[in-house]
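Below is one structure, written out as structure tokens; the observations come after it.
The values are calculated or read from the model by the stated rules, or taken from the named source; none is laboratory data. Quantities reported herein were computed from a predicted structural model and do not represent experimental measurements. Here Cβ is always computed from backbone atoms with ideal geometry, including for glycine, and neighbour counts include all displayed protein chains.
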């Protein structure tokens with residue numbers, strides 16, 4: 001298999017080629033790093049969000065949208081499936097890089113994380129990458145600048161001219177679509193955090209509704225988390241039995257049933273204080289290859305409808 005960053009770079013090039021059709025803005029910093037605005041200064045779009053999810057998973061996932069329902073009303077949903085859940089979801093898509101400079105804060109996802117490989121997931125996967133290009137998607141209400149590109153280049157061990165930074169705000173169409181594409185990732189991450197070997201997760205498929213675009217980054221974070229925790233569903237096929245499958249769904253959280261805006265406000269938006277078990281799909285089915293099938297959790301459309309109507 002080619003390097004994750006190689007495959008993601010090819011997809012970024014494709015996005016740049018179709019920037020007008022995807023409503024993207026492409027810019028180059030003084031250091032020759034490339035910034036692609038997927039939804040910061042632009043509203044973003046459904047197709048932009050789907051393309052971004054493909055970039056974040058380094059092309060190892062199939063991503064598509066369709067129309068479903070939430071509390072009897074039509075809502076766009078996003079589905080993502082992959083036969084490489086370890087690399088595509090934990091080694092690439094997961095938002096695990098806190099990007100912070102004197103004037104910038106953002107959250108990074110994508111295969112550039114594999115060039116640094118300091119997160120626990122890479123130890124579990126036994127994976128580290130070396131490549132000349134780095135692709136890091138930045139979630140922030142600001143476009144990344146030269147200081148961000150320099151930080152990414154230094155940590156990833158690439159020249160600044162080899163840094164590609166797709167960027168989007170949580171409060172954008174792209175942000176809502178991108179979040180909905182994370183149901184499979186959250187189920188995979190949750191199972192791995194519980195102690196299951198991520199290399200024994202053979203396939204993952206997730207689906208979640210797209211939250212309405214909120215009027216602030218905090219409100220967007222709450223609504224998109226609601227979309228996953230109360231409307232997200234996932235199906236995993238795994239290699240072996242495990243005694244903690246029942247904890248994979250968000251229903252395992254003590255706060256299940258409360259809108260995320262209330263949960264976040266209760267800890268003054270200090271995410272480190274949140275019960276991490278809430279960051280999971282509402283319902284998960286797990287098939288053990290040649291063995292039993294487990295379905296845990298349930299969706300909660302009343303909470304979801306209330307969140308989406310606020």
Mind checking which strands (runs of 3 or more DSSP E) fall wholly inside the stretch 196-310 and carry at least 2 residues that are more than 21 Å from the chain's Cα centre (by Cα)? 283-288, 293-297
Does residue 140 satisfy being under 12 Å from the mean Cα position of the chain (by Cα), within 23 Å of residue 40 (Cα to Cα) and modelled with pLDDT of 95 or more? no
Return a yes/no flag: does the stretch 13-30 have any residue that is within 20 Å of the chain's Cα centre (by Cα), within 19 Å of residue 89 (Cβ to Cβ) and in contact (Cβ under 8 Å) with a residue 12 or more places away in the chain. no
Confirm whether residue 254 is over 24 Å from residue 67 (Cβ atoms) and without any contact (Cβ under 8 Å) to a residue 12 or more places away in the chain. no
Kindly establish whether residue 158 is in a helix (DSSP H, G or I), closer than 27 Å to residue 26 by Cβ and in contact (Cβ under 8 Å) with a residue 12 or more places away in the chain. no
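Here is a yes/no grid of residues against (1) modelled with pLDDT under 95; (2) out of contact with any strand residue (DSSP E or B) (no Cβ under 8 Å at 6 or more places or on another chain); (3) surrounded by fewer than 16 Cβ atoms within 10 Å (Cβ to Cβ); (4) closer than 27 Å to residue 159 by Cα:
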site: 30; (1), (2), (3), (4): yes, yes, yes, yes
site: 43; (1), (2), (3), (4): yes, yes, yes, no
site: 47; (1), (2), (3), (4): no, yes, no, no
site: 65; (1), (2), (3), (4): no, no, no, no
site: 75; (1), (2), (3), (4): no, no, no, no
site: 86; (1), (2), (3), (4): no, no, no, no
site: 94; (1), (2), (3), (4): no, no, no, yes
site: 113; (1), (2), (3), (4): no, no, no, yes
Of all residues in the stretch 49-63, how many are assigned to a loop (DSSP other than H, G, I, E, B) and either at positive phi or surrounded by fewer than 19 Cβ atoms within 10 Å (Cβ to Cβ) (or both)? 2
Could you say which residue among 304, 202, 236 is farther than 30 Å from residue 140 by Cβ, crowded, with 21+ Cβ neighbours inside 10 Å and touching a strand residue (DSSP E or B) at 6+ places or on another chain (Cβ under 9 Å)? 236
For the stretch 127-155, give me the residue count where each residue is without any contact (Cβ under 8 Å) to a residue 24 or more places away in the chain and within 15 Å of residue 92 (Cβ to Cβ). 1
